[in-house]
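A short worksheet on the structure shown next.
The values are calculated or read from the model by the stated rules, or taken from the named source; none is laboratory data. Fair warning: this is a prediction, and the values are worked out from it, not measured in the lab. Here the Cβ positions follow ideal geometry from the backbone for every residue, glycine too, while neighbour counts run over all protein chains shown. What goes into the accessible areas is simple: the full protein's heavy atoms, side chains included, and nothing from ligands, DNA or RNA. Shrake-Rupley method; radii C 1.70, N 1.55, O 1.52, S 1.80 Å.
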Amino acid sequence: MSDDGYGRFWTKPVGGRQRAVRPQRYAFEEATGETLPSTTLLLHACDVPLCVHADADPERSHVSPGTHRENMLDRVQKGHHRNRWTAERYRGLPREERVRRSRELRDAVRAHGWDSDLIRRALNGIGPDQPTLW
């Protein structure tokens with residue numbers, strides 16, 4: 001994972017050079033069969049950096065191709081243009097805390113699969129030993 005909270009891994013196509021790939025881009029290209037030009041960005045509807053929910057159906061996909069301009073417009077429309085991270089529950093948190101929570105989310109999914117309660121706790125920064133209210 002990079003220091004911005006987004007995932008990253010390395011691939012080496014047969015006969016090609018090794019390159020860093022964002023998981024959401026890889027998932028989008030696999031789901032749609034479309035190879036995106038390097039200048040095309042993927043815009044997150046859900047604004048969770050680790051989200052890789054890509055689908056060929058644009059209504060179900062959390063990521064969609066766009067330009068830098070469209071990404072900046074989306075950012076302003078959502079009120080994220082003040083150098084803040086996009087998900088509402090993370091608003092105002094320092095970068096280190098956002099990265100820590102993203103890593104907790106990644107680790108929870110790796111260790112336990114898709115468990116809604118664990119994911120909610122990771123997204124909201126609730127430690128595993130913190131008791132619930134009820």
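Could you check the stretch 10-32 and list, in sequence order, the residues that are open to solvent by 70 Å² or more (accessible area, probe 1.4 Å) and aromatic (Phe, Trp, Tyr)? Across the stretch 10-32, the qualifying residues are TRP10, TYR26. Restricting attention to the stretch 77-134 and to residues that are at pLDDT 75 or above and β-branched (Val, Ile, Thr), the residue that is nearest to PRO49 (Cα to Cα) turns out to be VAL99. Give all pairs with beta carbons closer than 9 Å in which a residue from the stretch 39-55 that is in contact (Cβ under 8 Å) with a residue 40 or more places away in the chain and closer than 19 Å to GLN77 by Cβ meets a residue that is of a type in the set (Phe, Trp, Tyr) and open to solvent by 20 Å² or more (accessible area, probe 1.4 Å); count only pairs at least 6 apart in sequence or on separate chains. Close Cβ pairs (under 9 Å, with a partner that is of a type in the set (Phe, Trp, Tyr) and open to solvent by 20 Å² or more (accessible area, probe 1.4 Å)) amount to ASP47/TRP85; PRO49/TYR6; PRO49/TRP85. Annotation note: of GLY66, GLY16, the sole residue that is without any contact (Cβ under 8 Å) to a residue 12 or more places away in the chain, more than 20 Å from ARG103 (Cα to Cα) and small (Gly, Ala, Ser) is GLY16.
From the set of residues in the stretch 47-70 that are at pLDDT 85 or above, open to solvent by 50 Å² or more (accessible area, probe 1.4 Å) and within 16 Å of the chain's Cα centre (by Cα), which is farthest from ARG106 (Cα to Cα)? Talk me through it step by step, then tell me what you get.
The first filter runs over the stretch 47-70 and keeps only residues at pLDDT 85 or above, leaving 53-70.
Narrowing further to those that are open to solvent by 50 Å² or more (accessible area, probe 1.4 Å): 53, 56-60, 62, 64-65, 67-70.
Those still in the list that are within 16 Å of the chain's Cα centre (by Cα) too: 53, 60, 62, 64-65.
Working: HIS53: 14, ARG60: 21, HIS62: 17, SER64: 22, PRO65: 24 Å.
Here the answer is PRO65.
Quickly run through the stretch 33-46 and pick out the residues that are open to solvent by 50 Å² or more (accessible area, probe 1.4 Å) and at negative phi. Once the filter is applied, which keeps residues that are open to solvent by 50 Å² or more (accessible area, probe 1.4 Å) and at negative phi, the stretch 33-46 yields GLU34, THR35, PRO37, SER38, THR39, LEU41, ALA45.
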